[in-house]
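Novice: Right, I'll just put the structure down here and ask away after.
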Amino acid sequence: MTTLLLARHGETDWNRARRWQGHADRPLTDRGRAQATALAKRLADIALDAVYSSDLRRARETAEAVVSVGSWEGLTRDQAEARFPDGFRRWLAGGTGWDDGETYPAMSARVLAAVHRIANDHEGDRILIVSHGGPIRAIHGAALGMDVEDYRRIRPVEPNARLSAVCIKDGRLTELCPAGEIDELLARDQEDRRKAVSSPPSPAG
């Protein structure tokens with residue numbers, strides 16, 4: 001059993017403005033740095049065997065992958081809706097809205113392959129992965145047996161610097177980590193995600 005602790009990077013100025021970031025390498029805000037400090041305190045008593053981080057500055061500053069959103073990079077939701085109304089409707093329905101970037105299924109396949117490589121290199125270990133909202137959603141969706149587009153319709157993106165967890169057992173991702181592998185807060189968070197699977201879907205965000 002390998003335990004993967006997942007942390008989204010701290011807040012950036014484009015997070016605050018609700019802009020798509022994609023590959024734009026935005027720095028953390030003062031709030032984002034405070035979130036990173038709080039995350040470090042949260043992790044202080046958790047023994048980690050390895051830490052992996054995206055190579056973008058916002059993830060590095062907090063501690064493998066980021067989706068390319070093409071021409072939506074830097075746009076707010078209102079701007080994307082005005083410029084790409086059909087794509088924005090697709091995005092709200094859970095699909096990929098942009099036509100010139102990476103699709104959610106392609107991103108998910110890339111992220112999950114990387115996660116399994118990490119797990120294979122760290123069998124039985126506890127690993128921290130500092131990444132981005134889309135990849136973390138893909139990982140949680142897979143652990144619940146869902147594709148990322150369906151998962152986007154039942155759960156919002158993880159908040160900045162939020163810690164969550166999945167486990168890998170016999171080569172499969174699961175939201176059922178055994179007692180003792182994760183603390184009570186992480187276990188409750190896993191239970192909330194499992195409950196969300198049975199809830200009616202809502203517009204993705």
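The values are calculated or read from the model by the stated rules, or taken from the named source; none is laboratory data. Predicted, not measured: the structure shown is a model, and the values here were computed from it. Cβ atoms come from the backbone with ideal geometry, glycine included; neighbour counts cover every protein chain shown.
Novice: Can you tell me which residue within the range 36-61, out of those that are within 22 Å of His23 (Cβ to Cβ), among the small types (Gly, Ala, Ser) and modelled with pLDDT of 70 or more, is surrounded by the fewest Cβ atoms within 10 Å (Cβ to Cβ)?
Specialist: Result: Ser53.
Novice: Could you figure out which of (1) assigned to a helix (DSSP H, G or I); (2) within 21 Å of Ile46 (Cα to Cα); (3) in contact with a Lys or Arg (Cβ under 8 Å, 6 or more places away or on another chain); (4) not small (Gly, Ala, Ser) isn't true of Tyr151?
Specialist: Of (1) assigned to a helix (DSSP H, G or I); (2) within 21 Å of Ile46 (Cα to Cα); (3) in contact with a Lys or Arg (Cβ under 8 Å, 6 or more places away or on another chain); (4) not small (Gly, Ala, Ser), only one is false for Tyr151: (2).
Novice: Still on this structure, please answer the following. With Ala65, Ala24, Ala7 as the choices, which residue is at pLDDT below 90, out of contact with any Phe, Trp or Tyr (no Cβ under 6 Å at 6 or more places or on another chain) and buried (at least 17 other Cβ atoms within 10 Å of the Cβ)?
Specialist: Details: Ala24 fails: buried (at least 17 other Cβ atoms within 10 Å of the Cβ); Ala7 fails: at pLDDT below 90.
Among Ala65, Ala24, Ala7, only Ala65 is at pLDDT below 90, out of contact with any Phe, Trp or Tyr (no Cβ under 6 Å at 6 or more places or on another chain) and buried (at least 17 other Cβ atoms within 10 Å of the Cβ).
Novice: For the range 127-148, name all the residues that are charged (D, E, K, R) and in a helix (DSSP H, G or I). Talk me through it step by step, then tell me what you get.
Specialist: Filtering the range 127-148 down to residues charged (D, E, K, R) leaves 137, 147.
Within the range 127-148, just Arg137 meets the criteria.
Novice: What single numbered condition from (1) under 20 Å from Trp20 (Cβ atoms); (2) touching a helix residue (DSSP H, G or I) at 6+ places or on another chain (Cβ under 6 Å); (3) surrounded by 20 or more Cβ atoms within 10 Å (Cβ to Cβ) fails to hold for His132?
Specialist: Answer for His132: the failing condition is (2).
Novice: Could you check the range 94-125 and list, in sequence order, the residues that are crowded, with 20+ Cβ neighbours inside 10 Å and either part of a helix (DSSP H, G or I) or touching a strand residue (DSSP E or B) at 6+ places or on another chain (Cβ under 6 Å) (or both)?
Specialist: Scanning the range 94-125 gives Tyr104, Met107, Ser108, Val111, Val115, Ala119.
Novice: Hey, another quick one. Give the residue, chosen from Ile154, Ile168, that is touching a Pro at 6+ places or on another chain (Cβ under 7 Å) and either closer than 28 Å to Val69 by Cα or among the hydrophobic types (A, V, I, L, M, F, W, C) (or both). Outline the logic, then answer.
Specialist: On the way: Ile168 fails: touching a Pro at 6+ places or on another chain (Cβ under 7 Å).
Criteria check complete, one pass: Ile154.
Novice: Further question: If you take the residues of the range 77-87 that are surrounded by fewer than 20 Cβ atoms within 10 Å (Cβ to Cβ) and under 23 Å from Asn160 (Cα atoms), which of them is nearest to the chain's Cα centre (by Cα)?
Specialist: Arg77
Novice: I'd like to know if the range 174-182 contains one or more residues that are touching a helix residue (DSSP H, G or I) at 6+ places or on another chain (Cβ under 9 Å), at pLDDT below 90 and closer than 22 Å to Ala38 by Cβ.
Specialist: yes
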